[in-house]
Amino acid sequence: MKPLVILFFSVLVLGASCNPKPDDSEALFNTTWELEYISGPRIAFDGLFPEKKPQIAFDKETSKVSGTDSCNGYSADYELNQNALSFGEPGPTTMMFCGGGERQFLNMMQKIDGYAMEDGKLTLLIGDVPMMRFKKVEP
């Protein structure tokens, strides 16, 4: 009986380890994400972005993101490999200055190296540390 139990649990463990982790990347696309948290700045979130929150949208076909940094529009290339995510240098943007939050947002994007999806929220990471969290924006 004992060998049968060991065999059962071995098959169960091996079966679980052979199943690939579900790909969360499809949830990135066909939606706009709005920033609701950013780590690092000593200014309160609502002080950084008093009127408009930064947004990001992923284009699967072109491997580009676009959106607003709360003040100016931006676009950048991105690379996605499972849960690894990195952004290229943002392309030309309009040059309005709206208080400094936009610089914080774009600078943080350059440091991101991964992402996680949980409870319908997108979290951008540096290592395992959550740096920015986004919620879906209703169309």
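Values as computed for the structure displayed
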quantity	calculated
Total residues in the range 51-79, condition polar (S, T, N, Q) and either farther than 19 Å from ASN30 by Cβ or in contact (Cβ under 8 Å) with a residue 60 or more places away in the chain (or both)	3
Strands (runs of 3 or more DSSP E) completely within the range 54-97 that count 1 or more residues being at pLDDT below 95 and either among the basic types (Lys, Arg) or within 16 Å of THR32 (Cα to Cα) (or both)	64-68, 73-81
Residue in the range 39-47 that is over 26 Å from GLY127 (Cβ atoms), modelled with pLDDT under 85 and surrounded by fewer than 16 Cβ atoms within 10 Å (Cβ to Cβ) present	no
Hey, SER17 modelled with pLDDT under 85 and under 19 Å from LYS121 (Cα atoms) or not	no
Search result, residues across the range 107-139 that are loosely packed, with under 13 Cβ neighbours inside 10 Å and farther than 26 Å from GLY91 by Cβ	GLU118, ASP119, GLY120, GLY127, ASP128, VAL129, GLU138
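The values are calculated or read from the model by the stated rules, or taken from the named source; none is laboratory data. No experiment lies behind these values; they were computed from the predicted model shown. Note: ideal-geometry Cβ built from the backbone for every residue, glycine included; neighbour counts use all protein chains shown.
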